[in-house]
Every structure is written in structure tokens, then in C-alpha cells.
Number of protein chains: 2
Amino acid sequence: MELRQLRYLIAVAEEENFGRAALKLNISQPPVTRQIKKLEEELGVQLFKRTQKGAALTAAGGVFLGDARQIMSLVHRSVERVEAAHRGELGTAEVAYFGSPSLKIVPEILQVFKNDYPDVEINLRRIPKREQIRAIKVGEIHMGFGRYFPHDPDIYTEEILTEGLAVAVPKYLDIDIHASNWKKIFKSASFVLFPAAGRPNFADEVLSILNREGIDPQIGNVTEDIHSALILTAVGEGFTITPSSVADLNWSGVKFFELPEFGMACPLNCIFRKSDTSPILRALRTSIRRHFQKPGEGMK
Amino acid sequence: MELRQLRYLIAVAEEENFGRAALKLNISQPPVTRQIKKLEEELGVQLFKRTQKGAALTAAGGVFLGDARQIMSLVHRSVERVEAAHRGELGTAEVAYFGSPSLKIVPEILQVFKNDYPDVEINLRRIPKREQIRAIKVGEIHMGFGRYFPHDPDIYTEEILTEGLAVAVPKYLDIDIHASNWKKIFKSASFVLFPAAGRPNFADEVLSILNREGIDPQIGNVTEDIHSALILTAVGEGFTITPSSVADLNWSGVKFFELPEFGMACPLNCIFRKSDTSPILRALRTSIRRHFQKPGEGMK
DNA sequence: TCTATATCATACCTGTTGGGTATTCATATG
DNA sequence: CATATGAATACCCAACAGGTATGATATAGA
């Protein structure tokens, strides 16, 4: 059986007439006769009763007509679906993240993406940076989010945005950090750094900035993650320097002060395979570009 | 698009390899390549990523594979359905009845039919005899049940069974009708006849039998239907002679006595169009023959 | 580095088949 | 009985599916 025969069947059933069906199909009448006949022979079932005025479906033909219509509509629907999938509008986006961006920015990005591509499922996993690179290379994930990714020749690293820095201090301390006093305070302060692993990392960046500013920080602790660092800050182990977006969340026991003097020092990157041409990746990049980057900026 | 291409797509997806897919399809490899390529061109979507080891579905290809499987299974299912419809196992049986058979025998027949052909819907209507003949001629119904149908050249009348007769008398009468006294009783009795319309009919048959037995019955009333007749009997308007199957039901106010002396005088017939070759009619007749007729008896 | 191998793609041929035209057959209608 | 309508048939051609042979490419192994 071929779809051609179902098309002809539907046309003849609708027109109740082989000749008019042929006209509608833009072919001549004999091929219609032949294909219907072939279909009937294959099924071993008479589908039409030929009358003087044309052709009338038999009971079995009526059953088959319903199914044929269903099949054709399924065919059309699935063509649309493939095309949607090809445009990146259908499928599953495999996404990974690591570190502090997960707190505020990655949720924002995925919210925007879900809005742009509502039929794409998002499969999100927390994966360390080096592991992300491996997963991207073998095609397990389309895109990873994080900061300070190590370089890899197969991986393209794109900057989504840069943030300033803020400093978290214990809430119970009665201090106010601003342009005219921060340097003095920092020189005698103790700091909690994060993360410990995944060099290069945010801790390296913070240290390098402090050094640049002539501060040789006293290190109270180095934690695995930002949450641990802020807990230690709350109990007085030392100040923590964080990306400023972190300050927008409600942390108990700490308060934040922006550090505009440190500049927009903290990038948020996404990474993906240079050779990945999948529509889902294209969709992800399109969505990110439209919402987080100025036109024409930052693309490969 | 043609089903052939879906078959090849599924084979290649399953084997992840064009050559092995060709083997499975019992054709050579190049046609597979060509059909897949043609499909991809028609959709404007790459379905497979060709690798060194074979072929891997793209994301869009995966979407399409699922749909293709669904389409193929729908195709197979609908072939089965057409064949079932052709065997008369699927569809709607349009059936009509008229008169007393509706009380007991027609329900029995339809019960048996529903049991034999559980997927056939039964559309049952009460239609007068002449109207049944018209409806059968134009194909509105497949089969009609009744007694004493008028002859029609296009209609085949088949006898399903014959019944004896019984007489209904008022419950309050303290009489017992049997072989040795019925004639004497009937000669002085009054009778209620039914039905009034649709000649030839059961009333004609009853009169002819009574006459044959030398009884010139006194007619108390002629009713439209059996139910009215039995109500009149209950109130003493006269005896009613009925097909004996009627006696099996619980009627209030009357009691029945079999009349074996009258013979198996009351046929139940079904009628259908002589030229009707529809599988549903065939199914109906098969069912009836198997359950109500001795092998080889009564068929055209 | 140079095969050997496994894969898909291409070129070309052939036979099948789908579609076209002309005609016939069947049947109803005036 | 002529005519009209519609399906079926006969025959032709062109398109296309499938076959064989070969090419292109990339990987693995010597």
C-alpha cells in the first residue's frame, strides 16, 4: 500500500465519481481506476460499488475511508512536527550549569527560552565545568552555563553578560561599605573565598582583583560553594566577595554592598560545541542573543 | 511522501546503518540512500547524520521516526479493520422488526448475533411491514423481522422458525382448555383478533385455521396490536389466539393454553434484498442459520 | 605513512509502474 | 433506439525504483 492510493481513495469517496476525482487530483481518470483497483486487490476487499452515476463506498470502504483520512492527517501533522523540530521549536534542550549563576541568572535565561520555545523540553543538570566540556564534546548536552571555563579547541565560549561584584558582611556588624572606606576596611579584613575547585575560577579572579588594588587579603576559609561561604560570613569567619546578582537573593545573616570600584569583572558564559549545528542549540543561542546581548555583539 | 520512504526510514533508524537496513528490506543499499535523501529533500530536513559506522538519527529525525512508526501501525490496524468489515465483523447492522416477534424471538436473535459479531453495532427500528420492504429496497436496512410479509420480487423471505398457537383466556375464568374440550368451548366463545392492519396478517391466519376446524368465531374486537388484545381478553371481551412464544411472557390478567391441534401455524420470517451482497447481511444470515435452522435447510 | 576496511554516495542501466490518450463496455435516459 | 455518462481496458511513454559497479571518505591497523 502507498499513500498515493489513500489520496485517490479519499478523492473518489469525496467526489463519488472516478472522473471528477481524477480532475481534482490533476490526473486523468484511468490511473485512478487502476490505483483503486490495485488497492482493492491488495486488501481483498471491494471498496467502491460502481454505479451508473459514479462510485459509492461499500461498508468496508467507509471504514477504510475513515482510517485513510486519519492516516493522511497524521502524515500532515508529522511533517509539521519535523519541520518544527528542524527549526528548533520541538525537542529537548539538554542544558547544564555550574556554580553561582544557577541562583538567579540561569533560571532567568531558561525562563526566557521556555517563553520563546514553549514546545521544547528543558533537561537541566548540575555538572562541574570540566565534565560539562566532556559532555558537550560527546553530544550529551547542548549548552553549559558557568564562569571561567578552561579553554578547549572544540568548544566555543560565549559571554552572555558581565556583572559587578559585591561584598557580603555579617548582618550584625554595624558597618557601611562605600567608595571612601572600602580599601581601608578590606586591608584589615579576613575573607572567605569560593569555590575551591575547578581552576580557573571565581576565587582566582577575586584574588587577582584584590591584588591589583593593592590588597593582600587574609584568607579565613575557602569553601566549595557560595552557600557555604555566606554561612561562614554570617558567623563572622570573614567577608565574601560575590557576583552582584547574588545580592538580590534573600540570604539570612549577611548584608551586601556593591563594589563598583572593582568593575564589571564577573562574566557569565555559555559554552557549546563549535561543530554543533543542531536546531536546539540554534534556538538556545537565538533566545539568549535576543534577550541578553546587544544586536551584533558577541557572536562567533 | 510515500509509505515506502517511511518503511526505509524505520529500517535505517533501527539498524543505524544503510547497508544493513537494505539487507533487512531485501533490496540493495543505493535505493535506501536515494529514498531517504528524497524524503529529506521533500521535508527540507536532515533526518540522519551519516557517520563512519553508519547513520544516526538527528533530533528532527527522531521526532519523525516516532510519527512514522505511528503511521505504519495505523496503516496495519486499518488493514485489519477493513478486512474485518469485509467479513461482516465490523460495521452497523440496520435491522427492523414488526409485531409480536419483537416480544421474545427478535431479542433472542439479536442477542445471538451480538454474541457472534461483538463489534457490529445493531441499529434496530420498529417499522411496519410494507415500510420495511421499501427501506430494504433502497438499502436503508439490511434485514426485517416479522410474519406474513407480502410478496415482492426484489425481496427474499426466509423462514426462521414456526411456532404453534396458544389461546389466552381471562385469569378469573375457571376453565381448562385441552384436546377434548377446546372445540366445544371455542364454538360458543367470543374472540379478540389482532392486528387490524398489514394484510395478510396473523388475524387472517387465525381466522382461516378456525374456519378449517369448522368454527365460525364470534368476533368481539379487532385490535392494533397484541398488547391491546390481551388487555381486552383480561377484562372478558373474548379469547385471544397468539403465537405460543407470547405465552412465555408474564401478562397480567390472562392465562394461556397451548393449542397443538392447530399445528405449527405461525412462521417467523426475516426479509432482505435478494441482490444485497453486503457482509453485514451475510453475517446476520450466518448467525441466524447457525442458531435457528437445521443445516442445509431454508437457504435460497 | 600506507594499506585494508567499512561506510555512504554516485553513475549508469534496466525493468516496473504510474500516468496519458484513445477506445470500449455498461447502463441509464430521452 | 440513439445518446450520454462513467468506468474499464489497451496501449504507449516517461518517470522512477531497484540493481550493479564504482567512487569518496574516514577510520583502524600494520
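The values are calculated or read from the model by the stated rules, or taken from the named source; none is laboratory data. All values reported here derive from a predicted model rather than from experimental measurement. Cβ sites come from the backbone with ideal geometry, for glycine too, and all protein chains shown count toward neighbours. Accessible surface is based on the protein model in full, side chains and every heavy atom, while ligands, DNA and RNA are left aside. Shrake-Rupley method; radii C 1.70, N 1.55, O 1.52, S 1.80 Å.
Please list, ordered by first then second residue, the pairs with beta carbon atoms under 9 Å, 6 or more apart or interchain, first in segment A:205-217 and under 12 Å from A:Gly263 (Cβ atoms), second open to solvent by 50 Å² or more (accessible area, probe 1.4 Å) and assigned to a helix (DSSP H, G or I).
Note: pairs meeting the criteria are A:Glu213/A:Lys183; A:Glu213/A:Glu261.
Among the residues of segment B:45-60, how many are within 13 Å of DNA strand D (Cβ to nearest atom) and either closer than 21 Å to A:Thr92 by Cα or not assigned by TED's automatic domain parsing to the domain that holds B:Thr33 (or both)? Before you say what the answer is, go through the steps one by one.
So in segment B:45-60, the residues within 13 Å of DNA strand D (Cβ to nearest atom) come out as B:49-54.
Those still in the list that are either closer than 21 Å to A:Thr92 by Cα or not assigned by TED's automatic domain parsing to the domain that holds B:Thr33 (or both) too: B:49.
Residues that pass the stated criteria total 1.
So, in segment B:181-201, how many residues would count as being open to solvent by less than 30 Å² (accessible area, probe 1.4 Å) and within 17 Å of B:Gly164 (Cβ to Cβ)?
Here the count works out to 2.
Going through A:Asp276, A:Asp204 one at a time, which residue ends up being under 30 Å from B:Ala59 (Cβ atoms), acidic (Asp, Glu) and open to solvent by 20 Å² or more (accessible area, probe 1.4 Å)?
Numbers: A:Asp204 fails: under 30 Å from B:Ala59 (Cβ atoms).
After applying the criteria, what remains is A:Asp276.
Taking segment A:141-180 only, how many residues are open to solvent by 40 Å² or more (accessible area, probe 1.4 Å) and more than 31 Å from the chain's Cα centre (by Cα)? Even if it seems obvious, please write down each step before you answer.
Within segment A:141-180, the subset open to solvent by 40 Å² or more (accessible area, probe 1.4 Å) is A:151, A:153-154, A:156-157, A:159, A:161-162, A:171-176, A:178-180.
Still in the list and also more than 31 Å from the chain's Cα centre (by Cα): A:171-176, A:178-180.
Matching residues across segment A:141-180 total 9.
If you take the residues of segment B:107-138 that are more than 17 Å from B:His86 (Cα to Cα) and assigned to a loop (DSSP other than H, G, I, E, B), which of them is least open to solvent (accessible area, probe 1.4 Å)?
Once the filter is applied, the top-ranked residue is B:Ile127.
Does segment B:71-104 hold any residues that are of a type outside the set (Val, Ile, Thr), closer than 27 Å to B:Ala11 by Cα and surrounded by 16 or more Cβ atoms within 10 Å (Cβ to Cβ), and which are they?
Filtering segment B:71-104 down to residues of a type outside the set (Val, Ile, Thr) leaves B:72-74, B:76-78, B:80-81, B:83-91, B:93-94, B:96-104.
Narrowing further to those that are closer than 27 Å to B:Ala11 by Cα: B:72-74, B:76-78, B:80-81, B:83.
Result: B:Met72, B:Leu74, B:Ser78, B:Arg81, B:Glu83.
Could you tell me which of the residues A:Ala13, A:Ala68, A:Ala93 is touching a residue at least 60 places away in the same chain (Cβ under 8 Å), on the phi < 0 side of the Ramachandran plot and in contact with a strand residue (DSSP E or B) (Cβ under 6 Å, 6 or more places away or on another chain)? Show your work before the answer.
On the way: A:Ala13 fails: touching a residue at least 60 places away in the same chain (Cβ under 8 Å); A:Ala68 fails: in contact with a strand residue (DSSP E or B) (Cβ under 6 Å, 6 or more places away or on another chain).
Result of the check over A:Ala13, A:Ala68, A:Ala93: A:Ala93.
Tally up the residues in segment A:21-53 that are within 22 Å of B:Val79 (Cα to Cα), open to solvent by 60 Å² or more (accessible area, probe 1.4 Å) and not polar (S, T, N, Q), please.
7
Quick check on my filter: what residues within segment B:18-52 are near DNA strand C (Cβ under 7 Å from one of its atoms), within 14 Å of chain A (Cβ to nearest Cβ) and either in a helix (DSSP H, G or I) or at pLDDT 90 or above (or both)?
Scanning segment B:18-52 gives a single hit, B:Ile36.
Among the residues of segment A:1-17, write down those that are assigned to a helix (DSSP H, G or I), surrounded by fewer than 20 Cβ atoms within 10 Å (Cβ to Cβ) and more than 10 Å from DNA strand C (Cβ to nearest atom).
A:Leu3, A:Ile10, A:Glu14, A:Glu15
Kindly indicate whether any position in segment A:158-170 is out of contact with any Pro (no Cβ under 9 Å at 6 or more places or on another chain), outside any strand (DSSP E or B) and not assigned by TED's automatic domain parsing to the domain that holds A:Ile185.
Residues of segment A:158-170 out of contact with any Pro (no Cβ under 9 Å at 6 or more places or on another chain): A:158, A:167-170.
If we keep only those that are outside any strand (DSSP E or B) as well, we get none.
Scanning segment A:158-170 turns up no residue that is out of contact with any Pro (no Cβ under 9 Å at 6 or more places or on another chain), outside any strand (DSSP E or B) and not assigned by TED's automatic domain parsing to the domain that holds A:Ile185.
Among all residue pairs at least 6 apart or on different chains, which show Cβ distances below 7 Å where the first residue, located in segment A:25-37, is in contact (Cβ under 8 Å) with a residue 12 or more places away in the chain and the second is near DNA strand D (Cβ under 6 Å from one of its atoms)?
Short answer, once both residue conditions are applied: A:Val32/A:Phe18; A:Thr33/A:Phe18.
B:Arg282 passes all but one of (1) within 14 Å of chain A (Cβ to nearest Cβ); (2) crowded, with 21+ Cβ neighbours inside 10 Å; which number fails?
Exception for B:Arg282: condition (2).
Run down B:Ser190, B:Ser180 and say which single residue is small (Gly, Ala, Ser) and either in contact with a Gly (Cβ under 8 Å, 6 or more places away or on another chain) or at pLDDT 90 or above (or both). Before the answer, list the steps.
On the way: B:Ser180 fails: either in contact with a Gly (Cβ under 8 Å, 6 or more places away or on another chain) or at pLDDT 90 or above (or both).
Going through B:Ser190, B:Ser180 in turn, the sole match is B:Ser190.
If you scan segment B:252-293, which residues turn out to be touching a residue at least 12 places away in the same chain (Cβ under 8 Å), in a loop (DSSP other than H, G, I, E, B) and farther than 22 Å from B:Arg212 by Cβ? Write out each step before concluding.
From segment B:252-293, those touching a residue at least 12 places away in the same chain (Cβ under 8 Å) are B:252-276, B:278-288, B:290-293; that's our starting set.
So of that shortlist, the ones also in a loop (DSSP other than H, G, I, E, B) come out as B:252-253, B:263-265, B:274-276, B:278, B:293.
Of everything in segment B:252-293, those that are touching a residue at least 12 places away in the same chain (Cβ under 8 Å), in a loop (DSSP other than H, G, I, E, B) and farther than 22 Å from B:Arg212 by Cβ turn out to be B:Ser252, B:Gly253, B:Lys274, B:Ser275, B:Asp276, B:Ser278, B:Gln293.
Identify all residues within segment B:61-97 that are under 19 Å from A:Val120 (Cβ atoms), within 9 Å of chain A (Cβ to nearest Cβ) and either assigned to a strand (DSSP E or B) or out of contact with any Ser or Thr (no Cβ under 9 Å at 6 or more places or on another chain) (or both); write none if there are none. Let's see the steps before the verdict.
To start, the set of residues in segment B:61-97 that are under 19 Å from A:Val120 (Cβ atoms) comprises B:61-67.
Subsequent filtering for residues that are within 9 Å of chain A (Cβ to nearest Cβ) retains B:61-64, B:66-67.
Within segment B:61-97, B:Gly61, B:Gly62 qualify.
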